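Since the structure comes first, as structure tokens, the remarks are kept for the end.
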Amino acid sequence: MRGGGGGREDGVPDDLCARLRRFEGRPAATAGVGKDPVNLPMIRHWCEAMGDDHPAYRGPDAVAPPTMLQAWTMGGLSGHTDRSSEYDALFALLDGAGYTSVVATDCEQEYLRPLRPGALITFDAVIESVSDRKTTKLGTGHFVTTRMDVHADGEPAGTHRFRILKYAPARAGGRPPRAEPPPRRPRPVINRDNAGFWDGVAAHTLLIQRCTGCGRLWLPWLPGCLDCGGQEWDTVEAGGAGTVHSYVVMHHPPFPAFDPPYAVALVELEEGVRMVSNVVGVAYDEVRIGMPVRLEFLRVDGELELPVFRAVTGAGATGGGEG
């Protein structure tokens, strides 16, 4: 998911913004080498941690889970030794301007080929962008995006974009130094793999992917079938009926544009797939496992509309949890 934070603090970049922008396009790491080749023990540990028991990640013909792409490039407890002087200079400039805190906000990955045990991983990274000054609930700072191009045995294997916020913490008990517009709900990350889903939402339809090979249905949207590996699929429109399979009541941490406590539910649709969304029409402490719900679309601001589920009047069941 993509993290953007608040809005621009002013209409034009100041001198610091201009200096920061000069780092765009400069290398963050050059000719980096993974500390270990792709290997089965790391794949096993990853799958155990993630609860992923797909057979493609086991046995003599195993491949690494695609989302392990960054894992083969990480520095581990001993840290990175391949960062560029330009990358260090950028962070020194941000630190010197008072933006000494850091938080990771999101990442995006693109996969070009499967990674198999024994492959030697190399990578290059570039400082892709530095944002204008932004004000978030955490504080004011700049978003820095790096793009890493990963190779396996010299062949392109994938791209990893990583975004962090370098910020000056907001004053305890006080307001940000400048007025800012009311916070907006986070924007969904729309890419070529899920654009059709959001096109459906714009048309007030909830589209489920269906494999044209084995017939499996799935949500959220993915490039291919998790059962047979097929890359061909079509869509079916959800009827809109479902039940609360599980839920959690969020008390902390607070996020801009959200007013805790509120319930986040895992809804099982009548088609057999599940999705995470909000339950509306009842108080957060009235949501129950097994509660019937019905799909509707909620416009949260002038640009964003989201699928949510309205509790069916008179529904009730026991169970649930808080977090």
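Throughout, read-outs are computed from the coordinates displayed, never taken from laboratory work. Computed from a predicted model, the values in this text were never measured in an experiment. Cβ coordinates were reconstructed from backbone atoms using ideal geometry, including for glycine residues, and neighbour counts include every protein chain displayed.
Observations on the model:
- Hydrodynamic radius (Kirkwood) for the chain, which is based on Cα pairs only, to one decimal in Å: 22.6 Å
- Estimated at 0.36 nm per residue, the fully extended path between Ala203 and His245 surpasses their Cα-Cα distance by 12.5 nm.
- Of all DSSP-defined beta bridges confined to the chain, some 95% are antiparallel rather than parallel.
- Extending 7 Å from Cα along the Cβ direction at Phe255 and again at Thr67 yields two label points whose distance is 1.6 nm.
- Here the gap between Phe297 and Arg147, fully extended at 0.36 nm per residue and compared with their Cα-Cα distance, gives a gain of 50.5 nm.
- Within the chain, helix-based [θ] at 222 nm, where runs of 4 or more DSSP H residues each add -39,500 (n - 2.57), nearest 500: -3500 deg cm²/dmol
- Net lengthening on full extension, Val276/Ser85 (0.36 nm per residue, minus Cα-Cα): 64.5 nm
- Gaussian network model of the chain, springs between alpha carbon atoms under 10 Å - residue of Thr100, Thr313, Thr243 with greatest fluctuation: Thr313
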